[in-house]
Amino acid sequence: MKSKIEAKQRIEKLRKEIDKFRYEYHVLDKPEVSDEIYDSLMRELRDLEEKYPELKSPDSPSQRIGGKPLAKFEKVRHAHRQWSLDDAFDFSELQKWEEKIIRMLEKNLKSQISNPKSQLEYCAEIKIDGLKVILTYKKGLLVQAATRGDGVIGENVTEQVKTIQSVPLRIERPVNLTVVGEAWMKKSDLGKLNKEREKENQPPFANSRNAAAGAIRQLDPKITAKRKLSSYVYDMDDIEGEFPETQMKELEMLKKLGFKVNEHHKLCKNLEEVEKFFRSWEHKRNKQEYGIDGVVVKINQKKLQDALGYTGKSPRWAIAYKFIPEKVTTVVEDIKVQVGRTGALTPVAHLKPVQVAGSTVSRATLHNEDEIKRLDIRIGDTVVIHKAGDVIPEVVEALKNLRTGKERKFHMPTRCPICGGGVKKEIIHKNTKTQNSKQNTKHKTQNTKNIPNTRYQIPDTNLSAAHYCQNKKCFAIEKENIIHFVSRKGFDIEGLGEKIVEQLMNEGLVSNFADIFELKSGDLEPLERFAEKSADNLVKAIEKAKRIEFPKFLFALGIRHVGEETAILVIRNLKLVIGIKIKDLNDIIKYLPKISVKDWMRIKGVGDKAAESMHQWFNEKENIKLLEKMKDSGVNVEIPKLQITNYKLRGQNFVLTGELESMTRDEAKEKIRLLGGDISSSVSKQTDYVVVGKNPGSKYDKARTLGVKIINEREFKRLITE
């Protein structure tokens, strides 16, 4: 029998030895001992910790699978914004990226570097197709693992990530550190897992990335552990002490700290060397145990990275050089029509299932009737498909020489395929989104009322077209409206996804979004997919969602042309411009129907279409009944306090376009709002300033046409700081 002191000494030695074996096996891929020896030492460690529970520690190897099943994943805010990378699909795009960063470096560092191009060098790393995870260490100990989420808010998956043996629970130095990497599953393990799933009549995972994401998303860490995930770490967000001078040195430091770093990276002196590295992986990528979808190209020197900074969504100093999407042929077995939230009818090709870019594809959108005519797609055609951006299945062309004469042309239906209601084709000039109604008139060829914000642009013409179901009670429209209502930017009701919404509608429990707030556990428990606990969880999520701020509430209603920016404009200016102060849902019901189209348009940034839509929506009796029903169910609309430091920009409306260098778009918007100004998503004669960054879009051209004042980033900064 060991004394406590002896047990402590033995535990410390066991932990050190087990962690050494773990590192050799899961990080270096050079196991020095058999599994039997490893398992035997682990059993001894667990027995001692069980006998002396006070000697357990969070970084003990025994604690990798110690977490209890979660009820749900906790949301966490990242200490550092998690950016996405811009893509390049050929060498010319890579060259354009380099030209752009050289111009920026010449501008920002002209006093320090005379010839930036001669100073540039690149770190090329193969791009692992896994699930991004962010690992946070405090004094060397892993305290949090999170998914990327939307880049600002992710989910806490610490217990799940602890089960990944290549992730160290304690690093080699007792420092504070945040690193970024990919969790992935071996292709060989994916094959075994899919065989097990097929035996259990479960659908197989399409690729290792999906399998990794599914494993991390398991609420029970024990299930995650069985999936045998691995990891690669490739970046530091933050480290206590001096940051490495280059990306190559950063990778070396990560290895020394104990992380598994992919060995396939190279220092390149120019883009030609990057291209050579890229081409070398085009054919051997499929021989690896992990998915590879391209090469990440980063400027090696950190000082140059800092000089370039970020756009609103991505670092300027890095780019994902993607492999050309895999193209395959298949047969169009049918073309069917889907109905969206706005009533828009979208033709979808039903394909003979085929593997493309690592997953099985059986559907591909054809956008609209004009796209089908442009490609001359017929039912029965052999077609070429690829994944646009390696994600969205897309029909590229029809192989007309393979036609037999039995192929059939497709025609858009004259009646809605869901409800049988009438269908109307609507055509509009492609620039209508930023024009007022008088300017639109001369471009109309058919009824253009109620055109949605997002439209497919017909190639080689100035027109875009769509077909719409005219029945507002169409099941498909109602379903999409409810899905929009409960989405993250709306009421954000966790657990109420598309399949559950459809199930509740089919069961007659929900016919509109107001019905959601009357659901009880007893209504849900008898349904398939529900048990007592899952029913209670959904009811609790609905109860939590009853408190909502006005901008999210207005967005959730799904009023045509009313997005997030318009919703914020409305709440900031209702009292100031229209003279109406609302405190709760009761005031919304009482006062908003009284606002005329002209009054809505008095709010700078609210255009004629948004004004007409809000006036029409709040004056429909059925909509008011829905709001009253929500109020009776306890929905509480809260009016956010306006955080304004002073009112120097009061009454002034801004539109932002292009890439800002010294701040993100969101930061610029926040600065404007803090000074009492407003932001609009489109340019009109009401716009006071259009702030133009690098590579501005059509908003810049529209501002010039209308004579709206255009200012650059330097002028904008002077305006908000003077």
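What the table below lists for this structure:
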{"item": "Sole residue being surrounded by 23 or more Cβ atoms within 10 Å (Cβ to Cβ), closer than 24 Å to Ile126 by Cβ and not aromatic (Phe, Trp, Tyr), chosen from Ala145, Ala213", "result": "Ala145"}
{"item": "Which listed residue, of Leu509, Leu538, is part of a loop (DSSP other than H, G, I, E, B) and either without any contact (Cβ under 8 Å) to a residue 24 or more places away in the chain or not charged (D, E, K, R) (or both)", "result": "Leu509"}
{"item": "Hits in the range 48-81 (condition: surrounded by 12 or more Cβ atoms within 10 Å (Cβ to Cβ) and assigned to a helix (DSSP H, G or I))", "result": "Leu48, Glu49, Lys51, Leu55, Pro61, Ser62, Gln63, Arg64, Ile65"}
{"item": "Breaking point among (1) more than 29 Å from the chain's Cα centre (by Cα); (2) of a type outside the set (Lys, Arg); (3) exposed (fewer than 13 other Cβ atoms within 10 Å of the Cβ), for Ile379", "result": "(3)"}
{"item": "Test: Ser613 is surrounded by 18 or more Cβ atoms within 10 Å (Cβ to Cβ), under 26 Å from Ile548 (Cβ atoms) and hydroxyl-bearing (Ser, Thr, Tyr)", "result": "yes"}
{"item": "Unique residue being surrounded by 15 or more Cβ atoms within 10 Å (Cβ to Cβ), in contact (Cβ under 8 Å) with a residue 60 or more places away in the chain and more than 28 Å from the chain's Cα centre (by Cα) when the list is Lys256, Lys266", "result": "Lys266"}
{"item": "Pair list, Cβ under 6 Å, 6 or more apart: the range 9-28 residue at negative phi and part of a helix (DSSP H, G or I), other residue at pLDDT 85 or above and hydrophobic (A, V, I, L, M, F, W, C)", "result": "Ile11/Leu48; Ile11/Leu55; Leu14/Leu45"}
{"item": "Of residues in the range 181-230 being basic (Lys, Arg) and assigned to a loop (DSSP other than H, G, I, E, B), the one nearest to Lys287 (Cα to Cα)", "result": "Lys186"}
{"item": "Filter result (assigned to a loop (DSSP other than H, G, I, E, B) and under 22 Å from Ile679 (Cα atoms)) within the range 597-621", "result": "Arg602, Ile603, Lys604, Gly605, Val606, Gly607"}
{"item": "Residue match in the range 622-636 (condition: among the charged types (D, E, K, R), assigned to a loop (DSSP other than H, G, I, E, B) and at pLDDT below 95)", "result": "no"}
{"item": "Residue within the range 604-624 that is in contact (Cβ under 8 Å) with a residue 40 or more places away in the chain, over 28 Å from Ser682 (Cα atoms) and of a type in the set (A, V, I, L, M, F, W, C) present", "result": "no"}
{"item": "Ser40 at pLDDT below 70 and over 21 Å from Glu263 (Cβ atoms)", "result": "no"}
{"item": "Every residue from the range 677-687 that is part of a loop (DSSP other than H, G, I, E, B) and either in contact (Cβ under 8 Å) with a residue 60 or more places away in the chain or touching a Pro at 6+ places or on another chain (Cβ under 6 Å) (or both)", "result": "Ser680, Ser681, Ser682, Val683, Ser684, Lys685, Gln686, Thr687"}
{"item": "Residues (in a loop (DSSP other than H, G, I, E, B) and at pLDDT 85 or above) located in the range 688-711", "result": "Asp688, Gly693, Gly707, Val708"}
{"item": "Residue within the range 304-319 that is touching a strand residue (DSSP E or B) at 6+ places or on another chain (Cβ under 8 Å), of a type in the set (D, E, K, R) and either over 26 Å from Arg103 (Cβ atoms) or surrounded by fewer than 20 Cβ atoms within 10 Å (Cβ to Cβ) (or both) present", "result": "no"}
{"item": "When residues of the range 82-99 are limited to those that are in a helix (DSSP H, G or I) and in contact (Cβ under 8 Å) with a residue 40 or more places away in the chain, the one farthest from Thr311 (Cα to Cα)", "result": "Phe91"}
{"item": "Tally of residues being small (Gly, Ala, Ser) and farther than 27 Å from Lys287 by Cβ across the range 231-272", "result": "2"}
{"item": "Single residue of the range 512-535 satisfying the filter (in a loop (DSSP other than H, G, I, E, B) and among the aliphatic types (A, V, I, L, M)) that is surrounded by the fewest Cβ atoms within 10 Å (Cβ to Cβ)", "result": "Ala531"}
{"item": "Residues of the range 702-717 satisfying the condition of being free of Cβ contacts under 8 Å to residues at least 24 places away in the same chain and farther than 21 Å from Gly312 by Cα", "result": "Arg704, Thr705, Leu706, Gly707, Lys709"}
{"item": "Exclusive hit being in contact with a strand residue (DSSP E or B) (Cβ under 9 Å, 6 or more places away or on another chain) and either free of Cβ contacts under 8 Å to residues at least 60 places away in the same chain or part of a helix (DSSP H, G or I) (or both), set Asp235, Asp293", "result": "Asp235"}
{"item": "Test result for Tyr137, farther than 30 Å from Glu282 by Cβ and crowded, with 23+ Cβ neighbours inside 10 Å", "result": "yes"}
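Each row is one residue, and each column tells you yes or no for (1) part of a strand (DSSP E or B); (2) free of Cβ contacts under 8 Å to residues at least 24 places away in the same chain.
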position: Glu273; (1), (2): no, no
position: Phe277; (1), (2): no, no
position: Ala307; (1), (2): no, no
position: Val332; (1), (2): yes, no
position: Arg341; (1), (2): no, no
position: His350; (1), (2): yes, yes
position: Val361; (1), (2): yes, no
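The values are calculated or read from the model by the stated rules, or taken from the named source; none is laboratory data. None of these values were measured; they are calculated from a predicted model. Don't worry about glycine lacking a Cβ; one is built from the backbone with ideal geometry, like all the others, and counts go over all protein chains shown.
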